[in-house]
1. Working carefully through the options ALA249, ALA211, ALA177, find the one that is over 13 Å from the mean Cα position of the chain (by Cα) and at pLDDT 95 or above.
2. In segment 92-103, is there at least one residue being more than 16 Å from the ligand (Cβ to nearest atom) and of a type in the set (Asp, Glu)?
3. Testing GLU105 on (1) touching a His at 6+ places or on another chain (Cβ under 7 Å); (2) charged (D, E, K, R); (3) closer than 30 Å to LEU350 by Cβ, one condition comes back false. Which one is that?
4. Within segment 58-80, count every residue that is within 16 Å of the ligand (Cβ to nearest atom) and part of a helix (DSSP H, G or I).
5. Under the condition of being under 18 Å from ALA235 (Cβ atoms) and within 33 Å of the chain's Cα centre (by Cα), which residue from segment 25-39 is surrounded by the most Cβ atoms within 10 Å (Cβ to Cβ)?
6. Can you name the number of the only condition in (1) assigned to a strand (DSSP E or B); (2) more than 30 Å from PRO185 (Cβ to Cβ); (3) not charged (D, E, K, R) that THR27 fails?
7. Looking only at segment 130-188, count every residue that is of a type in the set (Ser, Thr, Tyr), more than 16 Å from the ligand (Cβ to nearest atom) and within 28 Å of GLY205 (Cβ to Cβ) and tell me the total.
8. Out of TYR204, TYR213, report the one residue that is of a type in the set (Ser, Thr, Tyr) and in a loop (DSSP other than H, G, I, E, B).
Amino acid sequence: MKQIYLDYAATTPTHPDVVKAMLPYFTNVFGNPSSIYSYGQEAKGAIEGARAKVADLIGARGEEIVFTSGGTEADNFALKGIAFANENKGNHIITSSIEHHAVIETSKFLERKGFRVTYLPVDEYGLVDPDDVKKAITDKTILISVMHANNEMGTIEPITEIGEIAKEAEIYFHTDAVQTAGHIPVDVNELGVNLLSMSAHKLYGPKGVGALYIRKGTKLTPFMHGGEQERRRRASTENVPGIVGFGKAVELVQQEMSQEAKRLAYLRDQLTKGLLERIDHLRLNGHPIMRLPNNVNVSVDFVEGESMVLNLDLEGICVSTGSACSSSSLEPSHVLLAMGLAHEQAHGSLRFSLGKWTREEEIERVLDVLPRIVAKLRAMSPLLKSHR
Ligand code: PLP
């Protein structure tokens, strides 16, 4: 049976050209980039090449990019780095209630360390209101962190508007762009951010490598202590093959981004329309327009998301109930709850995320298979019986 992979927001397959670009850095060019002889310097040159590509993707300068072990580390670095470096100015952080766990859990950690965190609410579409950001600012606020687009329901947040507010109030502004960089235009100056997180494995690069953009002049405490790598901002011998792969992946997505976003948005709309037509008591979660071109998130009443995922898996179709990290937990998604969904609706959610190798036939197959699965599950559902 041909597998249909519709979970690109969880991770993407590494592009074959990316693997090819990485291979020499495991074998021939294995030197430590800190070594001054040519083996080392060749590796260093490759890192700098990748840095320039990553910077170019987001309109930054090379020296403003610090490579990390992924999006999670970039988020941790941004929040803890700003918090600990600016404690003397204040102890208040503003974030949203729909952030990725990498931001939410770091915020909770900082609360335990004596910082105060405001978790802003969102509306029914998952949008943060910039006015709420403005109202939450106090003279103790040192950081605002709001994600560019949500990984579960795909809503794109008004980052430029929030950036203007942050700039006027002279408060550092961080955005988690893990789901947007390489998929839709991301420009640090247009967004008005001081810090921005990225991850390679969401854009056809390898896992375990990411980056934090740090605007020149931003005061933050290093997160990793040790050697002097990454201009003393992140100790540890660099993941050379990973960084090279990240650079290659960025180069490839950049070439195709606008075409690919259009293609995916068309498929996304076909899938959404088809699901709404063929399955009753189904609603689209997230904003109908301000959303990622590859994300469809729906709640299906009277069925469990997990049951749908397992039944789709038996048909060779991979989707997710929420974000990859929460899909192994039985807690309903904090994102959907924050948008006002009832627990049952949040439990009955499915996330489809489309990508480079998604084809129209695959969407048609989902539209053929899922209504049958839902009908079968509803026929056995105690939830439906109690509704009637
Ligand atoms: N932030 C967002 C919005 C994400 O979707 C993810 C991954 O799911 C992360 C952060 C974490 O990235 P990584 O898996 O590279 O640590």
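The values are calculated or read from the model by the stated rules, or taken from the named source; none is laboratory data. All values derive from a computational prediction rather than experimental measurement. Here Cβ is always computed from backbone atoms with ideal geometry, including for glycine, and neighbour counts include all displayed protein chains.
1. Numbers: ALA211 fails: over 13 Å from the mean Cα position of the chain (by Cα); ALA177 fails: over 13 Å from the mean Cα position of the chain (by Cα).
Just one listed residue meets the conditions, ALA249.
2. no
3. (1)
4. 10
5. Of the residues in segment 25-39, the ones under 18 Å from ALA235 (Cβ atoms) are 32-35.
Subsequent filtering for residues that are within 33 Å of the chain's Cα centre (by Cα) retains 32-34.
Numbers: ASN32: 15, PRO33: 20, SER34: 14.
Ranking the candidates gives PRO33 first.
6. (1)
7. Selection size over segment 130-188: 2.
8. Testing whether each residue is of a type in the set (Ser, Thr, Tyr) and in a loop (DSSP other than H, G, I, E, B) leaves just TYR204.
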